[in-house]
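Below is one structure, written out as structure tokens; comments come after it.
Coordinate-derived values only; no laboratory data. In this text the structure is predicted, and so the values were computed from the model without any measurement. Here the Cβ positions follow ideal geometry from the backbone for every residue, glycine too, while neighbour counts run over all protein chains shown.
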Amino acid sequence: MRRIAVLTSGGDAPGMNACIRSVVRYAIYCGMSVYGVDRGFNGLVNDNLQLMERRSVSDIIQRGGTILKTARCMEFLTEEGQKEAARVLREHDIQGVVVIGGDGSFRGARDLAQNCGVPVIGVPGTIDNDLNYTDYTIGFDTAVNTVLSAINNLRDTMTSHDRVSIIEVMGRNCGDIAMYAGLAGGCEYMLVPEVEPDYQALAHKLNQSNRKGKTSDIILVAEGVGTADMVKEKLEGLTDVSFRTTVLGHIQRGGMPTMQDRVLASRLGVKAVDLLKKGIVNRAVGIRQNEVIDVDLTDALTAEKNFDYSLYNVANVLSL
Ligand code: F6P
């Protein structure tokens, strides 16, 4: 392949820029031309592409967000929209597209490949860590560290006031942000969608530890379970503990990517270009046991959930 394109789609994630940089620089190193697509699939449908140079991606490895911007494109959900995108790509003589994003973006990439014959490679970029074929997605590590820093701040004030903090974190239907941040932050309780919450038991534990003189705790709630306010309502009638809720929201999506995310993004970007260069297409790249891997794009979307129950148990045992 001589000409490829790269786009970011869906919710942004810290490390997307590091991945764009990797795709652009490695493609140029391999003698390819690379086009940046503006605002995800929108840019394909509306013919908004620009040729990237090595310098186009200078000074971005440390920046959150995405210089290419991102969007959710309704038009692209239709076959006409996808055909228009394919036509634009043909017009520019672009032979392959690297799509950086989450499962919605992967579905878009799969449709472009299946319905229009456009060769694609998916790179997992989402804070949610909910693409099950890969151990980690780009942005997850940074988001967990952002949550950790919030936990540290909240711990200080909650301890001073003998309060229990209920913190709502993102992740869609995946509990990984809550589980990893909870374990690393020493949180007392983690509510994740993969495990049915038992509010009676939770209230009982809170009352017990309160009686023993432990007057401050942190409960992390993954958004897939419900809101922090919902959890507070459920617990309030069952305990006389004083709660405060915090919704971290989009703070988790921004910020300077961690070393882990920058390195992961760089490795996956290189792998994506390597596959296109070899004509191996319609794959999703990822990481398993620190090895860069690639799997069929459709299999990537149907891979079984790999929530780490043993790590969740460790987190619970250590928080008792
Ligand atoms: O998929 C990333 C994510 O941040 C989820 O954790 C969250 O549920 C969703 O996107 C929020 O989407 P939006 O930015 O459209 O509010």
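Between ARG2 and ARG87, what's the calculated FRET efficiency when r is the beta-carbon distance and R0 is 22 Å? Round to 0.05.
That pair, ARG2 with ARG87, gives E of 0.70.
Can you give the local net charge around ASP240? Use residues other than it whose beta-carbon is closer than 13 angstrom to its beta-carbon, Lys and Arg +1, Asp and Glu -1.
Surrounding charge for ASP240 is 0.
Amide H neighbours of TYR136 under 5 Å, counting only residues 5+ apart in sequence or on other chains, H built in-plane at 1.01 Å?
Correct list: ILE287.
Whole-Hz Karplus ³J(HN,Hα) for the stretch 254-265, in order, using 6.51 cos²θ - 1.76 cosθ + 1.60 and θ = phi - 60°, x for Gly and Pro?
Per-residue couplings from phi come out as x, x, 5, x, 6, 4, 4, 5, 5, 5, 4, 4 Hz.
Using θ = phi - 60° and the Karplus form 6.51 cos²θ - 1.76 cosθ + 1.60, what ³J(HN,Hα) does each residue of the stretch 224-235 get, whole Hz, x for Gly and Pro?
Ordered by residue, 3J(HN,Hα) equals x, 8, x, 8, 4, 5, 4, 5, 4, 4, 5, 8 Hz.
How much FRET efficiency would the formula 1/(1 + (r/R0)^6) give for ASN173 and GLU53, where r is the Cβ-Cβ distance and R0 is 45 Å, rounded to 0.05?
So, using R0 = 45 Å, E works out to roughly 0.70.
Using θ = phi - 60° and the Karplus curve 6.51 cos²θ - 1.76 cosθ + 1.60, what whole-Hz ³J(HN,Hα) does each residue of the stretch 275-285 get, with Gly and Pro shown as x?
3J(HN,Hα) across the stretch 275-285, in whole Hz: 5, 4, 4, 7, x, 8, 10, 6, 10, 10, 9.
Loop sites only, by DSSP: take the trypsin sites (Lys or Arg not before Pro) in the chain that have at most 14 other C-beta atoms within 10 Å and name the longest stretch containing none of them.
Longest site-free region, per DSSP loop and neighbour criteria: 3-211.
With a 10 Å cut-off between alpha carbons and a GNM built on the chain, which of GLU304, GLU168, GLU194 moves the most?
For the chain, modelled as a Gaussian network with Cα springs under 10 Å, the answer is GLU304.
Separation of the stretch 8-25 and the stretch 175-236 by C-alpha centroid, Å?
Value for the Cα centre distance between the two parts: 33 Å.
Say we join alpha carbon atoms closer than 10 Å with springs in a Gaussian network model of the chain; which of VAL57, VAL24, VAL221 then has the biggest fluctuation?
VAL57
Within straight cross-link reach of LYS234, meaning Cα distance under 23 Å, which lysines are found once same-chain residues fewer than 8 apart are removed?
Within reach: LYS205, LYS212, LYS214.
Let's test the formula: R0 of 51 Å, r as the Cβ-Cβ distance of ARG211 and THR298. What FRET efficiency results, to the nearest 0.05?
In this case the efficiency is close to 0.40.
Just for the chain, what percent of DSSP beta bridges are antiparallel, to the closest 5?
20
Over the chain, with a Gaussian network built from C-alpha contacts below 10 Å, which listed residue (SER105, SER58, SER266) shows the highest mean-square fluctuation?
SER58
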